[in-house]
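Student: A single structure is presented below for examination.
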Amino acid sequence: MTYILRGASMDLHEKTYEKQTFENLSLPQQSLTDKEFVNCIFTKCDFRDSDFSRSTFIQCEFSSCNLSNVKLSDSRLQDVKFIQSKIVGANFASINRLIIELNFDDSIINFCNFGDLDIKRTKFISCIMRETDFFKADLSGCDFGNTDLQATRFQNCNLRKASFIGAKNYFVDPVDNNVRQAKFSTPEVLSLLSKFKIEIV
């Protein structure tokens, strides 16, 4: 494996990278389009406002990275993990939908859009996910364990067998969404009844 540790001096000018680790890169507002990364690890990298359109990431990991406002139009994300990373304002709904495999752990995922995506069995574990949109998304089997979902929208979603154990600040309309066999923990599960304007004593 090749380790690249040159930080801000590093320029990702190649089209294809395989089995490489990138550390401390500072590449905000960069055009990183039409590239391919396979089995790569990004650690403590800053990609704020950068453009990853039409780029491919296969079996890659982003750890402690800033990916806020990145452009993902027609990008391919297959078996990509985000760990302790910040992803604000990203439009995941614009990615290539052929094969999507994503997992998030202990990350900030605010103001993002996952609308109409098939991302079943995705894990959003111990994340802060505020004002993010899942309109018409297939979230069957997803795990939102211990995640803060304040003002995140679930509308016309497939949440069959999804897990919200330990999650908080969510509102899931059980009429508007398929919640068959989904798992919830108390007392947060009572939020499912809020639309009915009933009194719980």
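Laboratory data are not the source of any read-out in this text; all were calculated from the coordinates shown. No experiment lies behind these values; they were computed from the predicted model shown. Reconstructed Cβ throughout: ideal geometry from the backbone, glycine too, with neighbour counts over all protein chains shown.
Student: Where the centre of each part is set by its Cα atoms, how far does the range 128-177 sit from the range 33-79, in angstrom?
Tutor: Value for the Cα centre distance between the two parts: 24 Å.
Student: Just grab the label-to-label distance for Arg180 and Lys168, each label 7 Å out from Cα along the Cβ direction, in nm (one decimal).
Tutor: The answer from the label model is 3.3 nm.
Student: Would you kindly compute the Cα radius of gyration of the chain and its largest Cα-Cα separation (Dmax), both in Å?
Tutor: Rg, Dmax (Cα atoms, Å): 17.9, 63.
Student: For the range 1-113, state what percent of all Cα-Cα pairs lands in each successive 10 Å bin, counting from 0 Å until the bin that includes the largest distance.
Tutor: Whole-percent P(r) values from 0 Å outward: 16, 55, 28, 1.
Student: On to the next question. Roughly what percent of Cα-Cα pairs across the range 115-195 reach past 17 Å?
Tutor: Summing the P(r) of the range 115-195 above 17 Å gives 36 percent of all pairs.
Student: Taking θ = phi - 60°, what integer Hz values does the Karplus form 6.51 cos²θ - 1.76 cosθ + 1.60 yield along the range 16-27, in sequence order, with x for Gly and Pro?
Tutor: Karplus values, whole Hz, x for Gly and Pro: 10, 10, 9, 6, 10, 10, 10, 10, 6, 6, 10, 10.
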